[in-house]
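The block underneath contains the structure these notes are about, expressed in structure tokens.
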Amino acid sequence: MSGLETIFGILGAAGTAASAAGTLAAGAAEKRNQDFIAKQEEMKANEELAASTREAQQKREEAAYALSRQQALAASSGGGAGADAPTIVKLMADTAGQGELNAGTAIYGGQQRAAGLMDSAKGRRASGRASFLGSQLSAFGQGASGFAKLKGFG
């Protein structure tokens, strides 16, 4: 092997090493990026749960206000507002039931949105791990190929 061939061989090996290092760095960067996005999605999931809890509480307060108003209107009408007035009792039971349904619906919606975000976060982490593993395997392949060429096998 002449001096020039040796220099080119060393440059080729260095280029292969640099390429392999770049592949590893890109895989690691992609993993960090996916982990970061996953963390943001988890934070958003927690915010969704908190928001739905606040919305549910608001729905319960609205129902309580409506119940109070119904009772006050019934009492002022002279028709009776006590437990012995079947119409007002039915109206109030319906209102209370609807208030709980609205609160439950708000909670359910928040839980479903949060679950979707958590699933997405899991997928992003898996994607990041796969990218990193792929970069490791690719870098190994580049290194092996460069070594084989340097030794005259490629």
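For this structure, a couple of remarks:
- Once region 115-129 is narrowed to residues that are out of contact with any helix residue (DSSP H, G or I) (no Cβ under 6 Å at 6 or more places or on another chain) and not charged (D, E, K, R), the residue that is farthest from E48 (Cα to Cα) is A126.
- Index of the failed condition, L133 passing every other in (1) modelled with pLDDT of 90 or more; (2) exposed (fewer than 13 other Cβ atoms within 10 Å of the Cβ); (3) more than 30 Å from K31 (Cα to Cα); (4) not acidic (D, E): (3)
- Residue in region 61-79 that is more than 30 Å from S135 (Cβ to Cβ) and not in a helix (DSSP H, G or I) present: yes
- Entry remark, region 32-66: residues being more than 20 Å from T95 (Cα to Cα) and among the basic types (K, R) number 3 in total.
The rows are residues; the columns are (1) part of a helix (DSSP H, G or I); (2) modelled with pLDDT under 90; (3) among the basic types (K, R).
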position	(1), (2), (3)
E5	yes, yes, no
L11	yes, yes, no
A17	yes, yes, no
L24	yes, yes, no
K31	yes, no, yes
K39	yes, no, yes
E48	yes, no, no
A51	yes, no, no
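The values are calculated or read from the model by the stated rules, or taken from the named source; none is laboratory data. Just so it is clear, the structure is predicted and the values come from calculations on it, not from any experiment. All Cβ positions, even for glycine, are placed from backbone atoms using ideal geometry, and neighbour counts span all protein chains on display.
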